[in-house]
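See below for the structure under consideration.
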Amino acid sequence: KKVKMILDKDFKIGKVDDRIYGSFIEHLGRAVYGGIYEPDHPEADEMGFRKDVIELVKELKVPIVRYPGGNFVSGYNWEDGIGPRELRPKRLELAWRSIETNEIGINEFVEWAKRVNTEVMMAINLGTRGIDAARNIVEYCNMPEGTYWSDLRKSHGYREPHKIKVWNLGNEMDGPWQIGQKTADEYGRLAKEAAKVMKAVDPSIELAVCGSSNSSMPTFGQWEATVLEHTYDYVDYISVHTYYGNEENDIGNFLAKSLDMDEIIKTVIATADYVKGKKRSKKTINISFDEWNVWYHSREADKKIAPWSVAPPLLEDIYTFEDALLVGCMLITLLKHADRVKIACLAQLVNVIAPIMTEKGGKAWRQTIYYPYRHASLYGRGYVLNAVIDTPTYNSKDFCDVPILESTAVADENNNKLTIFAVNRDQQDSLLLESEIRGFEDYRVVEHIVLENENLKATNTKENPFNVVPHNDGNAMIEDGVLKAILPKLSWNVIRLA
Ligand code: AHR
């Protein structure tokens, strides 16, 4: 099969906000305890953080990490995690039915973030708490000194303010599973008042208000409209979340699920712009896609885990090769909306539905999904080009006209680089890609990375951590000014030109 693409230096969608390569660490399962933090591990640093995990995170160049939840945050008292450790309470953690020791709190997490060169995106509790806790946490984190909460931070050993720029106003507040679930009006009112005091304490912060938990929620669309009617003038982003699975073992349908992600993004943009129009506002609300991934492998196993232990092995999806392909398609989808998606967080980062896995006292390794995420983060910075693609399509159980080629390109003009990301969804055939590269005629192929595998269910495990790894033997070349490349069936491709 053959596909034609046209890339033109001047046809730009928008500049990539590096924060779309963000991720997420929740106090959930073994993400924090036994994931980033394991004080008696041979690789632990002086604060108890695993250096092997730090190295794997640094390799991903993660620009921002959302913390501390997730569902967890809706029952969290942030004050439990500050001050002398021996005084911190052990709490019943109701979202994931675990015990929270509070050994790690805001200050320790900020320390870890520095070690991996990332920013913190802080979520506040709008489930059980409200405006008072919201203003206090901003004062504790961002006020330099001279007030109760800022001086308390200093007394805890953190002289400099944490300068946390981006904040989530709660988490998935429409969900019946959420502690303190609210109607759109209840939440919208509360979020607006919380936003007012938070920005009064620190006007430089940015705020993301909760959208729907997922697009199957009965109020999807209406929720966004109502919440934004209340909060439009006070917030900067609306959150979007989605997860996909291949429960039916239907690869064609599974790989098409990024088209659903695309629809969600378009719907939320349209809704935000509808409220903008109604309010005659000059301001544009952008998207923080702060939870996205494949999530389904662990759901049955999780039901069997007994409640009330510290760091139970929850949500430990072991990712397959096919999952990496969908993650690749989802990354391309986010890039194609670079003009409006300004933050995105792969949920999550370590052990919990994560690209990085750890063994207690032992190894850390890269799951299959690590690779497309790493490639996009490393090479997908610059301007997204509006690729014109003429591709064959197929129909699947839930989708019509699924493009066999999912692709986009990012141009980094400062460094004279052009990178094409491409997934071939075809189950039988390789694709011959032919692309005009207008404005890049003097560029040469630097590398053609391919992630492919005969076994769709292949995984990376502790015993076999390099089972699914990319190679750079792709055959992309420029012939008569046209980029030509064979994209193997069911493969993730990164074609780098300079
Ligand atoms: O990422 C796992 C969970 O998924 C989060 O806690 C919640 O926000 C979402 O439902």
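Below is a table of values for the structure above.
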quantity: Selection count where residues are of a type in the set (D, E, K, R) and either in contact with a strand residue (DSSP E or B) (Cβ under 6 Å, 6 or more places away or on another chain) or free of Cβ contacts under 8 Å to residues at least 60 places away in the same chain (or both), scope the range 341-370; calculated: 1
quantity: Hey, Tyr140 within 16 Å of the ligand (Cβ to nearest atom), over 22 Å from Cys345 (Cα atoms), surrounded by 17 or more Cβ atoms within 10 Å (Cβ to Cβ) and modelled with pLDDT of 95 or more or not; calculated: no
quantity: Residues of the range 335-350 classified as within 22 Å of Tyr67 (Cβ to Cβ) and either within 16 Å of the ligand (Cβ to nearest atom) or not in a strand (DSSP E or B) (or both), total; calculated: 8
quantity: First in the range 241-261 and within 16 Å of the ligand (Cβ to nearest atom), second anywhere and basic (Lys, Arg), Cβ under 9 Å, 6 or more apart; calculated: Thr242/Lys257; Tyr244/Lys257; Gly245/Lys257; Gly245/Arg299
quantity: In the range 159-183, the residues that are more than 24 Å from the chain's Cα centre (by Cα) and either more than 16 Å from the ligand (Cβ to nearest atom) or crowded, with 22+ Cβ neighbours inside 10 Å (or both); calculated: Arg159, Glu160, Pro161, Thr183
quantity: Residue identified as in a loop (DSSP other than H, G, I, E, B) and either within 15 Å of the ligand (Cβ to nearest atom) or on the phi < 0 side of the Ramachandran plot (or both) among Ile353, Ile332; calculated: Ile353
quantity: Selection count, the range 318-336, where residues are out of contact with any Ser or Thr (no Cβ under 6 Å at 6 or more places or on another chain) and surrounded by fewer than 24 Cβ atoms within 10 Å (Cβ to Cβ); calculated: 1
quantity: Tabulated pairs, the range 482-498, first at positive phi, second assigned to a strand (DSSP E or B) and at pLDDT 95 or above, C-beta under 7 angstrom, 6+ apart or interchain; calculated: Leu490/Asn424
quantity: Condition broken by Phe24, with the remaining ones in (1) more than 16 Å from the ligand (Cβ to nearest atom); (2) within 20 Å of Pro313 (Cα to Cα) satisfied; calculated: (1)
quantity: Test result for Asp236, away from the ligand (no atom under 16 Å from the Cβ) and either in contact (Cβ under 8 Å) with a residue 40 or more places away in the chain or touching a Cys at 6+ places or on another chain (Cβ under 8 Å) (or both); calculated: yes
quantity: Subset of the range 303-329 [under 24 Å from Asn464 (Cα atoms) and either within 13 Å of the ligand (Cβ to nearest atom) or basic (Lys, Arg) (or both)]; calculated: Leu314, Leu315, Glu316, Asp317
quantity: Residue ID - farthest from the ligand (Cβ to nearest atom), chosen from residues in the range 62-75 that are under 13 Å from the mean Cα position of the chain (by Cα) and part of a loop (DSSP other than H, G, I, E, B); calculated: Pro63
quantity: Close pairs from the range 298-311: first part of a helix (DSSP H, G or I), partner at pLDDT 95 or above and among the charged types (D, E, K, R), Cβ under 9 Å, at least 6 apart; calculated: Arg299/Glu247; Arg299/Asp317; Ala301/Glu316; Asp302/Glu316
quantity: Cross-chain or 6+ apart pairs with Cβ under 9 Å, the range 55-72 first and without any contact (Cβ under 8 Å) to a residue 24 or more places away in the chain, then within 12 Å of the ligand (Cβ to nearest atom); calculated: none
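The values are calculated or read from the model by the stated rules, or taken from the named source; none is laboratory data. None of these values were measured; they are calculated from a predicted model. Neighbour counts are summed over all protein chains in view; Cβ atoms, including those assigned to glycine, are modelled from backbone coordinates with ideal geometry.
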